[in-house]
1. Roughly speaking, what is the stretch gain from residue B:10 to residue B:207, that is 0.36 nm per residue apart minus the C-alpha to C-alpha distance, in nm to one decimal?
2. Residues with amide H under 5 Å of residue A:61's amide H, sequence separation 5 or more or different chain, H placed in the peptide plane at 1.01 Å from N; which?
3. Which residues' amide hydrogens lie under 5 Å from the amide hydrogen of residue A:332, considering only partners 5 or more residues apart or on another chain, with H built in the peptide plane?
4. Add +1 for every Lys or Arg and -1 for every Asp or Glu among the other residues with Cβ under 13 Å from the Cβ of residue A:139, and state the total.
5. Which FRET efficiency, nearest 0.05, do residue A:352 and residue A:26 yield, Cβ-Cβ r, R0 30 Å?
6. Using the count of nearby Cβ atoms within 10 Å as a rough guide to exposure, how do B:158, A:162, B:3 rank from fewest to most?
7. How big is the charge dipole of segment B:2-220 about its Cα centre, in debye rounded to the nearest 20, if each Lys and Arg gets +1 on its Cβ and each Asp and Glu gets -1 on its Cβ?
8. Can you pull the mean other chain C-beta count within 10 Å for peptide B:93-105?
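Read-outs: derived from the displayed coordinates by stated rules, not from any lab. This one's a predicted model, so the numbers in the text were calculated from it and none came from an experiment. Every residue, glycine as well, gets a Cβ built from its backbone with ideal geometry; the counts of neighbours run over all protein chains shown.
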Amino acid sequence: MIRRRQIFTVAEFEFLSIVRTKGYVFSTLGLPAMLLLYGLFAGWLGESLKSQIEGGAKVFGVVDRAGVVDLRQDQQGTLLDLPAEVRGAIESSGVGVEAFGPVAYFTDTVFRGFDDLDEAKAALLSEEVVAFAVVPDDFVAAGAIDVYSIDGFSLPRRTARENMAKMLQEQFLQQVPAEVRDRIRDPVSTTREWVVDAAGVVSPDDVAARILRFGVPGAFILVFLISLLTTTGYLVQGTATEKENRVVEVLLSATAPEEILAGKLVGLGAAGLLQVLVWFSMVIAAAVLAAGVAMAAGVALPVKALVVGAVFFLAAYFFYGAIMLGCASFGSSQLEVQKLAGFWTILAAVPMMFLPVIMNAPHGTVARVLSLVPFTAPLAVLGRVALDPEGMAWWDLSLSLAALTLSTWLALRFGARLFRIGLLAMGSRPKLREIWRQARLAK
Amino acid sequence: MIEVDGLRKQYGDLVAVDGVGFSAGEGKIFGLLGPNGAGKSTTISCMSGLLTPTDGRVRIMGHDIVHEPRAAKQQLGVVPQELALYEDLSARDNLTYWAAAYGLSGTGLRDRVDSVLEYVGLLDRASDPPKAYSGGMKRRLNFACGVVHEPKVLLLDEPTAGVDPQSRARLLDLVRAQAAKGTSVLYTTHYMEEAQELCDSLAIIDHGKLIAMGTLAELRAMVGERDLVRVVGHFDPERIRPALAELPDSEVLTADQDSVMLAVKGAALQLPAVLQALAAAGGHLRETTFTEPSLETLFMKLTGRELRE
């Protein structure tokens, strides 16, 4: 008979031991903070690169042998579509000309004409220009230009080349009727998308909403998987340490193996759940902060997925935890234990491979089959519910839960037997046949 | 009360413990003496329920460790050879966990933990983790973990391994104090001095079998009042055995090409005769030592090997 008091003692110890470690505190609070910092850094980097590109006009030389551009004076920007008086009025009002439609206007590049290659080269070497282009005689027919620059990577130089292409494009556009120019510049300026549901009702399809609808479940599944692996990782690591420092031998003189297993599962499971709660709280807090965007995109918080997620997380945790602990108990060192448990870690992540299939057809045959296989059920069901909360029938959900619960019960029983054999097998590791025999005989 | 009867543990063809039997009464210290790999730790593992014996019986305070494990383990304290401590937890937290695992709780647990910390002289360092301790302090904490629940039977598996003489003396005092409280103690060691100094009765184990058992006096009597003489040099064993056999009150324990060992009564007086006999048998002598009768002498007499080999 298993003593609840012993289980509680082990569970309390395991819980307090793990939540006090720096690693746990860091992964619980530090990981989201690190992701936030990463986001901020990526944003800053983007802005920095943008400012590098846009930071002041760069001079780009042009040797025009084809005579396609008029560069008797430096040219900055192109306002070819606007009459001179209108252009002047806009500029004097201080309002950006971009606000008036698809006018190819750029101020970050100044084009400067040179008579020949040597003159342009001297300007490049003296850093008067960041680069220069030679437009050959046959440019109109061949479309090729030669760009000269100092060796090395330079974003302003690349932008200048792109602007050169735009300038040439504008030169040629002057030769076509005005009403066609905008379509040539931007053939499809706006795409309006519509969704037709099974009842034939047509509704607007918002890209932001679609991204959020798939992104939130995706993030949800990822957090779930990381939580599951982290928590089972604590289990395996703790067992490895105790086997290595022989603490378990003394522990076994006071507590039955089954009580140790149950205590570890409960204690470290609680630590894992606490971590999951903190992470989800942060995700929800972030979602609330971004509520304006979410509401506009028509996305509600996946409440059903959260409830189902909590239930399946517990079942999955006990299922994988029992099996991994059972196997890990046969290792005699950290490395050996990690190896023995590693297979199950990979198996737990396998459903991620099927994620595109589940996203494409949340209630299709593949998704349904994966929901009934205990190793893949937690992630598959969670994905289905998160993607389409109302689409998964209760009977479907119940069937998956029943299959997983039954498997978890079997895993706990078998895992406990393996754990007992593994912990008591000091010295040489027993052979598979011997383990199987003892697992069947163990009471 | 410890009762071990016909204990046997076999791994495939390897017999680690073969028919071991002994007992230790209340307040008595029973020593199990033997070289590394003799079967001492396996015997303790069987007694603590960690290993299931292939055959035989272990009773702790009358409870069979296989059939009544819970009742037996409740009376049992184990101090393993390796340090079984959580290095990152404080000494107090380590003891609290073990005390709780053995069923203590509340004020009783806290009082007992403080009391044991004081008992092993670690109360002032109770908040420090073992990783900040010296080897001797860790050993004392390891000992404290085994006695925190006041067991009636204490199994000590080489508890002084690798500690300095001062810490060893302190640990031995702790063991004596534990026995004085009425605890039955099983003490395994390969340090003869410890066994002689500490144990009320003891057994010598080699290759899984008990080769001698009794009180210290009884075991010494098995050797007789004879000193151990060891001569190093170059010898012809075939010639020296008959030569030495003629000496009175002496017995050749081992003889090979490089050394000869004898048990000799009054070696100080007989030594010239011994050396003369060896020289007459063609031996070339380089070095001679002799020691007074001890368990080492007995172990050599019984096995032909030194205890630390």
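1. Full-extension gain reported as 69.7 nm.
2. A:112, A:130, A:131, A:132, A:133
3. Long-range HN contacts for residue A:332: A:337.
4. Net local charge, residue A:139 excluded: -3.
5. Efficiency, from the Cβ-Cβ distance: 0.80.
6. Neighbour counts put them in this order, fewest first: A:162, B:3, B:158.
7. It comes to approximately 220 debye.
8. Taking the mean over all residues of the peptide, I get 5.
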